[in-house]
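> Below is the structure I would like to discuss, written out as C-alpha cells.
The values are calculated or read from the model by the stated rules, or taken from the named source; none is laboratory data. Source: prediction; values computed, not measured. Note that each Cβ is placed from the backbone with ideal geometry, even for glycine, and that neighbours are counted across all protein chains shown. Each accessible area value is taken on the protein alone, full model and side chains, heavy atoms only, with ligands, DNA and RNA left out. Shrake-Rupley method; radii C 1.70, N 1.55, O 1.52, S 1.80 Å.
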Amino acid sequence: MSILIDERTTFIVQGITGREAVNLTRECLDYGKGAQIVGGVTPGRRGREVHGVPVFDTVEQVVAHHGSPIDGSVVTVPPAFTRDAVFEAIEAGIKLIVIVTERIPRGDVAQMVELATLRGARIIGPNCLGIIVPDVIKMGGIGGPARNAAQAYTPGPIGVISRSGGMTTEMSSTLSAAGLGQSTAVSIGGDAIIGSTYAELMPLFAADPQTEGIVIYSEPGGRMEAQLAEWVVANGDPLPIVAFMAGRFMDEMPGMSFGHAGTIVEGKEDTTAEKIARLQAAGIAVAERIEDIPEMLRELLSQRQRSALAAAGSSTEGSA
Amino acid sequence: MRFFEYEAREIVRRAGIPVTDFGFAKTPAEAREIAQRIGGPVVIKSQVLSGGRMKAGGVRFADSPEEAEAHAQAILALEIGGHMPRGVLVDPKAEVEQEYYAGVVWDGTRKLPVMIFSPVGGIDIEQVAAEQPEQVGRRHISTILPLSDFAAKETIARAGVSGGELTKIVPILRRLAELFLRYDMTLAEINPLGRLPDGSFVALDAHMEIENEARGRQRELLLELGVDPTETRQAREATPFEIAGEEVDSSDHRGVAGNVTEFDGNLGLVIGAGGGSLTLFDAVRAHGGRPANYCEIGGNPSVRKAAGLAKLVLSKPGVERIAVMMSIVSNTRVDIVARGVIKACLELGYDPAEKIAFFRIPGAWEEEGFKILQKYGIDYADRSVSLNEAARRAVEKIQGANEEAVR
Amino acid sequence: MRVDGTFIAVEVSEQAAADQELARRLAEVCPVDIFRLRTAAAESGGSADALEIVAENVDECVLCRLCLDTAPAGAVKVIKLYDNEALLA
C-alpha cells in the first residue's frame, strides 16, 4: 500500500507545454507501472500532444474528454497564474493537487489552501517535487528521469516526508542502500505556508499497513516541526520517526533565508535548536548525520517489535 | 522585506487609518522645517531597520525647531546596530491617554492570517501574551471571504475591550487586515495605537514587512514609496562578493547559481540544491571546516554559469581550495557542473586536481561526469559516500595541506 | 572544420559546412547555440562556408545528439576530449 496515490491514480499536468513540464510528463510516463496522465492543460494549445498526452485549453475539457472524475493535477505554471490554475482544478472536482511552482506569495497559497479545504481537496506543495511510490508511480519531478528515480527509490516500509525535494531523494537513496525501502516519499515543499505539513500527512501513513516507520527532513523556519511533535504526543506515537535537521548554522543568523523561502527565522520557535528540543521531547529521534538514519530507524523498529511481542505475551499470560 | 517606519506609516495612512502629522527628513534643515510646520514639541526618530533605537539614543524630544535640527544632526550621524539611518522622522509629540496594540501576521499552522489586538501597547506583544494573556485577543481571518467588521470586533472583544473604544478601533483593525492582504504583507503592526484626550485613535508607530515574492506585483506601491527595486534590506547588506554572485546568476537564464553568501573561511563551497546546501554547510562546520561562502546551484545551469560561480569563489581572498558537492541530482547534470568547475580552475591557471579538494555530485549524467573528473585526476565520490563524509574529506584535505605548510 | 573546446570538439565535414539549408537546421536544433549561420561580413572574408562553429559554446554541448540526427551520417562529429576522443554516437 501507499498513501495519496497508487497505480490506478489518474492525473493531469497544468502548464504541460512548459520546458520543465514536458520533462516531468516524460519521467512520470516512464516510471514504475507508468503514470496515467489523462491530459494536459495550456490555455490556447488545445489539440497538441506532449509525449502522447492530449493538450486542452481548460481542465473542464480534460474532464469531459476523460469521461470520469480525475484524481489529481500537477501544477507547473508561472507564479502569477498558479492561484487561478489551482482554483480551476479544485472547481473541476480534482482532489489532489501537487504544486511545483516556487515563489508564490503566501496570500495566494493561503487562498488555494482555503478553497481546497472547503472542497475537500488536498494540496501538496508549493515549491515541491511531488510524490513517489517506488516502482509503482510518481507524480511530479521527484527523483528525476525514470532511470535515476529507480536507482534511488525502492519499495519497502518507510514513509519519507521532506521539506526539500532533492533531499527526499538523497535520504531515500541512503535508506535503499541500507535495505530499507519506502512505502511513499512526499516532497512537501519549502515554503512558509504549504498545503500538507508533516502532521497532516501522519494520519495517512499511520493508517497505511505497509508503513512501519517515518523519516523526515526538516529545516529552520516555521512551526511545522512543533506541530508534528504535538501530533505525535496527542496520537500516542503510532509510528517511530527519525528526523534530520539541516541548516543548524542559520540559528546564528536570524532574519536571513537560505535554501528555501520558508527557512527564514521569524519567531522564537523557528530555530533548529528549538525544533530539535521539541521533536526529542515528543520522542522523535533526531539524526546528526543522514547515514545514521537507517541504523536509528532499525533500532526503533525492533524496539517496537519487542514491546509488541512483550505486550502480546503478557496478554496471553493474563488470559491463561 | 522590511519597511522603514516612515514608509510603514505612509502605508497605514493610505489604508485610511489616522496617523500623526509626521514628516520624513534626510537633512537637519529639513527636520527643522517639519518641526516648524508642526509648531510644537516634536519627537525625532532615527530611521534604521534595527531595533533598540531608544536605547541607542536614536529617539529624542525637541521643544523648538532649532532643537529639532540639532537632534536630527546628531541622530543622522549615529550608527545603530551596524546601520546608518536613512533619515529621521519628525513627529508631533502626542498627548496619549492609553497605548494599544493592533497587528496582523500569518499563522503558518492554520495557513491563515491572524488579527491580534491588545489594550496593552507600546511594548513587545510577545511579552504581553506571556505575562497577561487575557489582555490579548486573536482571531483568524479568511483569505477568500470578504473581510467583515465582525472579525475585528470579535478580536477586540476577546481582549476584553468594550464601549466606545471597541467601536472606534473596529475600522482601524479591519483596515489593517485589508492592507495586510492587499499589499502581501507578512507583518502589519501598529504599536502603539494611541488614544488621544479627545477619544480619537492615531497610529503612533508602525512595522510593516512585505513578502519578497510579492515585490513584483506590488511594484506600484513600492514605486510610490520610493523603494529602489534592487534594495534587498536583508538583515545584513550584500557584500561586493555577494553582488558579484548575483551577477553570475543573472548572466545566463539557465539554471541557478544563487544565494551566494560570504563567510570568512578558507574552503570555497560550490554546493547545491536548497536542502543539500544547508546539509553540506552544516557538515563542513561540524568537521571543523571554515567555509568561505554559502551558495546554491540548481536547475541545471550552463557550463559557463557553473564556471562563473567557481571562479568567483576561487578568486575570493583567503580561499585555498573549493569543494564541489551536492545531494543526488536529477535535473542539474553532474558532467556539466564538472566541466564548469574544471574550466574555472584552468582559466585561472590552477591545476583542478590541486584546487578541487573534493567532488561529490551523484545523479544525472554521473557516468560522463566521472570520466571528466578522472581525466583531470580529481578526487571524487559517488552516492555511496554520504554528504557528511564528503564534507569531512574536503575539510581533511584543506587542513592536511595547512599542516604541511606549517611544517 | 573542427573546433576544440576544453571538453568537447565539434567537427563538420567540408561538404556539410557549405550546405546553406543544413546550416540553418543545425543552428535551429542546437539547444546551446554551437552552430551559427555565417554572416555576410564574414563571408566577404573569403570563406565559402555557410556554417560557423561558435567556439565559446562548444563546451556547453549537452550531448543531446540533435545535430547528429539532423545531419547526414558522419557529416557532424561530436568528440569527447575527456574520453580519449570518443565519438558521440
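> Return only the number of the condition from (1) surrounded by fewer than 23 Cβ atoms within 10 Å (Cβ to Cβ); (2) under 19 Å from the mean Cα position of the chain (by Cα) that A:Leu24 does not satisfy.
The single condition A:Leu24 does not satisfy is (1).
> Go through A:Asn148, A:Asn127 for me and flag whichever is without any contact (Cβ under 8 Å) to a residue 40 or more places away in the chain and not charged (D, E, K, R).
A:Asn148
> How many residues does the range B:314-334 contain that are away from chain A (no Cβ under 14 Å) and either buried (at least 24 other Cβ atoms within 10 Å of the Cβ) or in a loop (DSSP other than H, G, I, E, B) (or both)?
So the answer is 9.
> Under the condition of being more than 10 Å from chain B (Cβ to nearest Cβ) and assigned to a helix (DSSP H, G or I), which residue from the range A:226-243 is most open to solvent (accessible area, probe 1.4 Å)?
A:Val233
> Residue check, A:Ala64 against (1) crowded, with 19+ Cβ neighbours inside 10 Å; (2) over 21 Å from the mean Cα position of the chain (by Cα), all met but one. Which one?
(1)
> State which residue is nearest to the other protein chains (Cβ to nearest Cβ) when the search covers only the range A:89-120 and only residues that are part of a loop (DSSP other than H, G, I, E, B) and open to solvent by less than 20 Å² (accessible area, probe 1.4 Å).
A:Pro105
> Which one is farthest from the other protein chains (Cβ to nearest Cβ) among residues in the range A:208-225 that are open to solvent by less than 50 Å² (accessible area, probe 1.4 Å) and of a type in the set (S, T, N, Q)?
My answer is A:Thr211.
> Please specify each residue of the range B:42-56 satisfying the condition of being open to solvent by less than 20 Å² (accessible area, probe 1.4 Å) and over 17 Å from B:Ala8 (Cβ atoms).
The answer is B:Val42, B:Ile44.
> Further question: On the basis of being open to solvent by less than 50 Å² (accessible area, probe 1.4 Å), on the phi > 0 side of the Ramachandran plot and over 25 Å from the mean Cα position of the chain (by Cα), does B:Gly121 make the cut?
no
> Out of the range B:21-50, which residues are outside any strand (DSSP E or B) and under 28 Å from the mean Cα position of the chain (by Cα)?
Listed by number, the residues that qualify are B:Phe22, B:Lys26, B:Thr27, B:Gln47, B:Val48, B:Leu49, B:Ser50.
> May I ask you to list pairs of residues, at least six apart or on different chains, whose Cβ atoms are under 9 Å apart, with the first in the range B:7-31 being over 15 Å from B:Gly87 (Cα atoms) and open to solvent by less than 40 Å² (accessible area, probe 1.4 Å) and the second being of a type outside the set (Asp, Glu) and part of a loop (DSSP other than H, G, I, E, B)?
Between residues of the range B:7-31 that are over 15 Å from B:Gly87 (Cα atoms) and open to solvent by less than 40 Å² (accessible area, probe 1.4 Å) and residues that are of a type outside the set (Asp, Glu) and part of a loop (DSSP other than H, G, I, E, B), the close pairs are B:Ile11/B:Phe3; B:Ile11/B:Tyr183; B:Val12/B:Pro18; B:Ala15/B:Tyr183; B:Val19/B:Leu204; B:Thr20/B:Ala94; B:Thr20/B:Leu204.
> If you don't mind, another one. Among the residues of the range A:129-142, how many are open to solvent by less than 10 Å² (accessible area, probe 1.4 Å) and either modelled with pLDDT under 95 or in contact with a Leu (Cβ under 7 Å, 6 or more places away or on another chain) (or both)?
3
> Please enumerate the residues belonging to the range A:249-273 that are among the polar types (S, T, N, Q) and open to solvent by less than 10 Å² (accessible area, probe 1.4 Å).
A:Thr263, A:Thr272
> Given the criteria more than 9 Å from chain A (Cβ to nearest Cβ) and assigned to a loop (DSSP other than H, G, I, E, B), does B:Gly340 qualify?
no
> Sticking with this one: Which residues, counting only those in the range C:47-73, are under 12 Å from the mean Cα position of the chain (by Cα), open to solvent by 20 Å² or more (accessible area, probe 1.4 Å) and among the small types (Gly, Ala, Ser)?
C:Ala55 - this is the single residue of the range C:47-73 that is under 12 Å from the mean Cα position of the chain (by Cα), open to solvent by 20 Å² or more (accessible area, probe 1.4 Å) and among the small types (Gly, Ala, Ser).
> Does any residue of the range A:155-165 turn out to be at pLDDT 95 or above, of a type in the set (S, T, N, Q) and open to solvent by 30 Å² or more (accessible area, probe 1.4 Å)?
Looking through the range A:155-165, none of the residues is at pLDDT 95 or above, of a type in the set (S, T, N, Q) and open to solvent by 30 Å² or more (accessible area, probe 1.4 Å).
> Also, quick follow-up: Output the number of residues of the range B:58-81 satisfying the condition of being surrounded by fewer than 14 Cβ atoms within 10 Å (Cβ to Cβ), at pLDDT below 95 and more than 14 Å from every other protein chain (Cβ to nearest Cβ).
So the answer is 1.
> Let me ask something additional. Of everything in the range B:82-132 that's touching a Pro at 6+ places or on another chain (Cβ under 8 Å), assigned to a strand (DSSP E or B) and acidic (Asp, Glu), which residue is modelled with the lowest pLDDT?
Looking at residues that are touching a Pro at 6+ places or on another chain (Cβ under 8 Å), assigned to a strand (DSSP E or B) and acidic (Asp, Glu), I get B:Asp107.
> Let me ask something additional. Has the range B:266-275 got at least one residue that is surrounded by fewer than 20 Cβ atoms within 10 Å (Cβ to Cβ) and either aromatic (Phe, Trp, Tyr) or more than 14 Å from chain A (Cβ to nearest Cβ) (or both)?
Yes, there is a match, as at least one residue in the range B:266-275 is surrounded by fewer than 20 Cβ atoms within 10 Å (Cβ to Cβ) and either aromatic (Phe, Trp, Tyr) or more than 14 Å from chain A (Cβ to nearest Cβ) (or both).
> Quick one: would you say A:Phe205 is at the interface with chain B (Cβ under 8 Å from one of its Cβ atoms) and open to solvent by less than 30 Å² (accessible area, probe 1.4 Å)?
Considered against the rule, which asks whether it is at the interface with chain B (Cβ under 8 Å from one of its Cβ atoms) and open to solvent by less than 30 Å² (accessible area, probe 1.4 Å), A:Phe205 comes out as no.
> Let me ask something additional. Picking from A:Ala185, A:Ala192, A:Ala246, which residue would you name as being open to solvent by 10 Å² or more (accessible area, probe 1.4 Å), in contact with a helix residue (DSSP H, G or I) (Cβ under 7 Å, 6 or more places away or on another chain), touching a residue at least 40 places away in the same chain (Cβ under 8 Å) and among the aliphatic types (A, V, I, L, M)?
A:Ala192
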